[in-house]
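Step one of this worksheet: look at the structure below.
The values are calculated or read from the model by the stated rules, or taken from the named source; none is laboratory data. Computed from a predicted model, the values in this text were never measured in an experiment. Note that we place each Cβ from the backbone using ideal geometry, even for glycine, and neighbour counts take in every protein chain shown. These accessible areas exclude ligands, DNA and RNA; they are computed on the full protein's heavy atoms, side chains included. Shrake-Rupley method; radii C 1.70, N 1.55, O 1.52, S 1.80 Å.
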Amino acid sequence: MANDVIKKLKGKIEKKILHWEEKSPKRYYITIPKEDLLEVVEFIFVQQKARFIIESGIDTPRGIEILYHFSFDRLNKMVTLKVLVSKEKCEIESISKLIPGANWIEREIAELLGVTFLNHPDPRRLLLSEDWPRKEYPLRQKVKENK
């Protein structure tokens, strides 16, 4: 049964997968293009009834990586979707229309890493004061200038 869900997931999104990693028989990481995010989240969350755990963001040398963590609780399996967003055009669709619980974490990632979540229902600031500089993101790595 557990492997059936993973096989079904892999089969359904096979053409969208940029990288598939099985860390253990219970933990999977799947990298997909940002354009396929809503379709894949809809399949995992709505159709396959996985539980949304959390969304997180990481500043990497290649761009901002957004990770969407899901659990198939009864099967003891976790799946993380990984999407890379360029720092130059740092935007991605919000998943909050599919998963309302993603609202606050997307607001947090927007403030702290500078990601714009397109079609987000409430893009107000969540953590930083209103006088915090608009283009300064506390969790972004500072770029060292060569002198």
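Structure data summary
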item: Residue pairs meeting the criteria (Cβ under 9 Å; at least 6 apart or on separate chains; first farther than 13 Å from Glu93 by Cβ and touching a residue at least 40 places away in the same chain (Cβ under 8 Å), in region 114-129; second open to solvent by less than 30 Å² (accessible area, probe 1.4 Å) and among the aliphatic types (A, V, I, L, M)); result: Gly114/Ile64
item: Test: Arg134 is outside any strand (DSSP E or B), farther than 30 Å from Glu22 by Cβ and in contact with an Asp or Glu (Cβ under 7 Å, 6 or more places away or on another chain); result: no
item: Residue within region 105-123 that is open to solvent by 30 Å² or more (accessible area, probe 1.4 Å), of a type in the set (Gly, Ala, Ser) and more than 19 Å from Glu35 (Cα to Cα) present; result: no
item: Failed criterion for Gln141 (all others in (1) outside any helix (DSSP H, G or I); (2) within 21 Å of Lys34 (Cα to Cα); (3) polar (S, T, N, Q) hold); result: (2)
item: Options Arg62, Arg27: the member that is open to solvent by 60 Å² or more (accessible area, probe 1.4 Å), basic (Lys, Arg), modelled with pLDDT of 95 or more and closer than 23 Å to Ile109 by Cβ; result: Arg62
item: Ser129 being open to solvent by less than 20 Å² (accessible area, probe 1.4 Å) and either of a type outside the set (S, T, N, Q) or in a loop (DSSP other than H, G, I, E, B) (or both); result: no
